[in-house]
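Undergrad: Handing you this structure, nothing more for now.
The values are calculated or read from the model by the stated rules, or taken from the named source; none is laboratory data. Please read all numbers here as calculations on a predicted model, not as lab measurements. Neighbour counts run over all protein chains shown; Cβ positions are idealised from the backbone, glycine included. Just so you know, the surface numbers come from the protein's heavy atoms only, side chains and all, with ligands and any DNA or RNA stripped out. Shrake-Rupley method; radii C 1.70, N 1.55, O 1.52, S 1.80 Å.
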Amino acid sequence: MDDMLRRKPFAMRASQRLTLLTLCLAVTIAHIDTFIVNLGARAIGDHFGAGVDQLQWIVDSYNLLYAVSLLPGGMLADRYGRRRILICGALIFSFASLLCAAASSAQVLIGGRALTGAGGALMIPASLAIIRVVWDRPDERARALGIWAACNGVAMALGPSLGGLLIPWLGWRSIFLVIVPFGLLVALMAGSTVPESANPQRRAFDVPAQFCGALALGSLTCAAIGAQSTPGAMTAMLVVALLSTTLLIAIERRKGSEALLSPEILGARQFRAAMIATTGMTFGGYGMVFVLPLAWQSSGRFDAAASAAALLPMSLVFVLVSAPSGTLSDKFGLRVTTSGGVTLMSAGLLMIGLGGLQPNIALAELGLAITGLGLGLAAGPLSAMAIGDVAAARAGTAAALINVARISGATIGVAVLGALYAAAGGGSRGLLLAMLAGSLVQFAGAGVAWLMTRRKAPRLRI
């Protein structure tokens with residue numbers, strides 16, 4: 001009987017469907033912003049006369065502020081209400097997108113992108129925590145998270161496609177304007193479709209730890225982006241990153257259960273495995289999405305529209321696979337879907353590096369499809385593994401932490417792979433070097449996570 005109940009098809013009430021629709025729209029606009037800007041990097045660089053390092057900052061200012069704001073965003077959601085913080089994030093996101101569209105210089109655009117990242121950092125952990133609360137059964141939550149994660153693939157498909165259509169006809173500013181009405185729609189829908197929830201236990205903000213974490217990540221990003229042009233500054237930034245990380249560890253050890261990175265959360269073995277695998281996954285994945293279109297357009301291989309079309313195999317395969325990823329993880333276990341998925345991405349990046357700038361890009365297209373397959377298998381189950389391994393009261397903080405891992409990997413990946421591409425002089429050699437580095441980091445993350453993840457418990461036969 002229990003086995004039959006476990007196999008019942010996933011069905012949602014009408015209220016749950018509307019809630020999930022709102023949350024899916026929120027995550028779609030937050031992620032589409034990244035992918036559409038990656039495709040528009042070349043046009044923005046031409047308009048402002050910006051080099052690769054400034055283009056990296058236009059992408060990474062969003063990622064960096066997103067990463068350092070996620071933990072405060074998660075705690076705000078837990079403390080003051082997840083729906084309320086979701087709405088605030090959507091409004092900030094919309095305003096910042098308008099600011100980006102009106103930017104008069106690369107520096108203003110970098111500032112607008114940073115503010116956009118702060119808005120996204122309020123939306124994403126709140127939406128993940130809402131899923132944790134609304135779907136209290138682990139199997140139903142896994143399926144809801146699979147659908148939620150599939151929206152990342154929708155963003156992958158829509159972002160480049162929209163960019164390819166809008167940039168030639170309306171210019172690069174249109175890629176920011178198109179986001180605004182959807183951000184406002186999320187705020188409007190959340191007010192009527194999302195139930196409010198909060199953690200009644202009030203926890204103080206761990207400001208010193210948040211500051212040290214932000215300083216460490218920011219210093220690493222500066223070091224990677226400035227490695228080629230200012231080696232002395234790179235060394236200084238690495239020292240700052242090491243010192244701030246050491247200080248963060250010391251602060252958190254003294255705070256115990258009140259720490260931002262509390263033992264209750266970080267003591268969960270599968271949560272740590274999810275953090276490691278997620279960091280490796282996005283290091284290579286987001287770095288590739290930045291470098292590959294730039295390489296195509298800089299070499300004259302493709303324009304913006306053709307680059308968008310060439311990226312579609314990854315996006316389409318991701319959309320097809322991520323929705324049933326929860327069911328697949330139930331059947332084969334988290335070990336296979338998470339570590340196996342990231343390993344597939346590692347293989348895909350190698351193919352992209354070898355074939356991305358060849359006259360026949362069939363090998364690169366196969367690599368993109370395999371990357372999308374791996375990402376679709378791993379993304380949803382990694383989120384489910386992370387937030388399902390902690391108490392509901394800590395759901396917002398846990399959701400924020402797994403997204404810190406995701407966006408930290410993305411931030412450093414864009415910085416490091418972009419720097420490697422530029423240091424090798426671009427072209428085929430730069431693309432291969434960047435993809436090889438991304439592939440190795442992904443493979444290492446998958447291996448460590450495999451060792452840390454529990455084997456699937458045997459199903460009882462009745």
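Undergrad: For the stretch 13-48, give me the residue count where each residue is touching a residue at least 24 places away in the same chain (Cβ under 8 Å) and more than 21 Å from the chain's Cα centre (by Cα).
TA: Here is the first cut: in the stretch 13-48, the residues touching a residue at least 24 places away in the same chain (Cβ under 8 Å) are 15-16, 18-44, 47-48.
Next cut, more than 21 Å from the chain's Cα centre (by Cα) only: 15-16, 18-19, 42-44, 47-48.
Looking only at that region, the number is 9.
Undergrad: Between a first residue in the stretch 71-100 that is among the hydroxyl-bearing types (Ser, Thr, Tyr) and in a helix (DSSP H, G or I) and a second residue that is surrounded by fewer than 20 Cβ atoms within 10 Å (Cβ to Cβ) and modelled with pLDDT of 85 or more, which pairs have beta carbons less than 7 Å apart while being 6 or more apart in sequence or on different chains?
TA: 94/180; 94/184; 97/180
Undergrad: Restricting to the stretch 93-129, what's the tally of residues that are basic (Lys, Arg) and either over 17 Å from residue 408 (Cα atoms) or open to solvent by 10 Å² or more (accessible area, probe 1.4 Å) (or both)? Full working, then the answer.
TA: Here is the first cut: in the stretch 93-129, the residues basic (Lys, Arg) are 113.
Checking which are either over 17 Å from residue 408 (Cα atoms) or open to solvent by 10 Å² or more (accessible area, probe 1.4 Å) (or both) leaves us with none.
The qualifying residues number 0.
Undergrad: Select, from 78, 60, 3, 33, the only residue that is farther than 30 Å from residue 172 by Cα, at pLDDT below 80 and buried (at least 16 other Cβ atoms within 10 Å of the Cβ).
TA: Values: 60 fails: farther than 30 Å from residue 172 by Cα; 3 fails: buried (at least 16 other Cβ atoms within 10 Å of the Cβ); 33 fails: farther than 30 Å from residue 172 by Cα.
None of the other options fit; the residue is 78.
Undergrad: Now, a different point. If you check every pair at least six apart or on different chains, which have Cβ atoms under 7 Å apart with a residue in the stretch 398-420 that is within 30 Å of residue 51 (Cβ to Cβ) first and a residue that is among the polar types (S, T, N, Q) and at pLDDT below 75 second?
TA: Listed pairs, sorted by first residue: 411/221; 412/221; 415/221; 419/228.
Undergrad: If we keep just the residues of the stretch 6-30 that are of a type in the set (D, E, K, R) and either open to solvent by less than 10 Å² (accessible area, probe 1.4 Å) or assigned to a helix (DSSP H, G or I) (or both), which is modelled with the lowest pLDDT? Walk me through how you get there before you give the answer.
TA: Let us first name the residues in the stretch 6-30 that are of a type in the set (D, E, K, R), namely 6-8, 13, 17.
Filter again for either open to solvent by less than 10 Å² (accessible area, probe 1.4 Å) or assigned to a helix (DSSP H, G or I) (or both), leaving 6, 17.
Numbers: 6: 44, 17: 83.
Filtering first and then ranking leaves 6.
Undergrad: Condition (residue is open to solvent by 10 Å² or more (accessible area, probe 1.4 Å), of a type in the set (S, T, N, Q), at negative phi and touching a helix residue (DSSP H, G or I) at 6+ places or on another chain (Cβ under 7 Å)) applied to the stretch 145-165: is it met by at least one residue?
TA: yes
Undergrad: For the stretch 332-371: of the residues being surrounded by fewer than 19 Cβ atoms within 10 Å (Cβ to Cβ) and not in a helix (DSSP H, G or I), which is modelled with the lowest pLDDT?
TA: Within the stretch 332-371, the match that is modelled with the lowest pLDDT is 333.
Undergrad: Out of the stretch 306-331, which residues are assigned to a helix (DSSP H, G or I) and more than 28 Å from residue 40 (Cα to Cα)? Steps first, please.
TA: Within the stretch 306-331, the first condition is being assigned to a helix (DSSP H, G or I), and the residues that meet it are 306-322, 325-331.
Hits for the stretch 306-331 are 325, 326, 327, 328, 329, 330, 331.
Undergrad: Taking the stretch 236-263 as the search range and keeping residues that are modelled with pLDDT under 65 and assigned to a helix (DSSP H, G or I), which one is least open to solvent (accessible area, probe 1.4 Å)?
TA: Applying the filter and picking the extreme gives 256.
Undergrad: In the set 44, 36, 32, 85, which member is in contact with a Phe, Trp or Tyr (Cβ under 6 Å, 6 or more places away or on another chain) and not polar (S, T, N, Q)?
TA: Details: 36 fails: in contact with a Phe, Trp or Tyr (Cβ under 6 Å, 6 or more places away or on another chain); 32 fails: in contact with a Phe, Trp or Tyr (Cβ under 6 Å, 6 or more places away or on another chain); 85 fails: in contact with a Phe, Trp or Tyr (Cβ under 6 Å, 6 or more places away or on another chain).
Among 44, 36, 32, 85, only 44 is in contact with a Phe, Trp or Tyr (Cβ under 6 Å, 6 or more places away or on another chain) and not polar (S, T, N, Q).
Undergrad: Only one of these is in a helix (DSSP H, G or I) and open to solvent by 10 Å² or more (accessible area, probe 1.4 Å): 288, 275. Name it. Break it down stepwise before answering.
TA: On the way: 288 fails: open to solvent by 10 Å² or more (accessible area, probe 1.4 Å).
Being in a helix (DSSP H, G or I) and open to solvent by 10 Å² or more (accessible area, probe 1.4 Å) holds for just one of 288, 275, which is 275.
Undergrad: May I pose another question? Quick check, is residue 68 without any contact (Cβ under 8 Å) to a residue 24 or more places away in the chain, open to solvent by 10 Å² or more (accessible area, probe 1.4 Å) and part of a helix (DSSP H, G or I)? Outline the logic, then answer.
TA: On the way: without any contact (Cβ under 8 Å) to a residue 24 or more places away in the chain: no; open to solvent by 10 Å² or more (accessible area, probe 1.4 Å): yes; part of a helix (DSSP H, G or I): yes.
Answer is no for this residue.
Undergrad: Need the failing condition index for residue 403 against (1) over 26 Å from residue 321 (Cβ atoms); (2) open to solvent by less than 20 Å² (accessible area, probe 1.4 Å); (3) modelled with pLDDT under 85, just the number.
TA: That leaves (1) as the condition not met.
Undergrad: Say we look at the stretch 131-140 and pick out the residues that are over 18 Å from the mean Cα position of the chain (by Cα) and closer than 15 Å to residue 398 by Cα; which of these is surrounded by the most Cβ atoms within 10 Å (Cβ to Cβ)? Break it down into steps so the answer makes sense when it comes.
TA: Start the filter on the stretch 131-140 by keeping residues that are over 18 Å from the mean Cα position of the chain (by Cα), which leaves 132-140.
Applying the additional criterion that residues be closer than 15 Å to residue 398 by Cα yields 132-133.
On the way: 132: 26, 133: 17.
Of everything passing the filter in the stretch 131-140, 132 is surrounded by the most Cβ atoms within 10 Å (Cβ to Cβ).
Undergrad: Go through the stretch 300-331 and count every residue that is open to solvent by 10 Å² or more (accessible area, probe 1.4 Å), closer than 19 Å to residue 144 by Cβ and modelled with pLDDT under 80.
TA: Residues meeting the conditions: 8.
Undergrad: Looking at this structure, is residue 192 in a loop (DSSP other than H, G, I, E, B), more than 15 Å from residue 35 (Cα to Cα) and not hydrophobic (A, V, I, L, M, F, W, C)? Full working, then the answer.
TA: Numbers: in a loop (DSSP other than H, G, I, E, B): no; more than 15 Å from residue 35 (Cα to Cα): yes; not hydrophobic (A, V, I, L, M, F, W, C): yes.
Considered against the rule, which asks whether it is in a loop (DSSP other than H, G, I, E, B), more than 15 Å from residue 35 (Cα to Cα) and not hydrophobic (A, V, I, L, M, F, W, C), residue 192 comes out as no.
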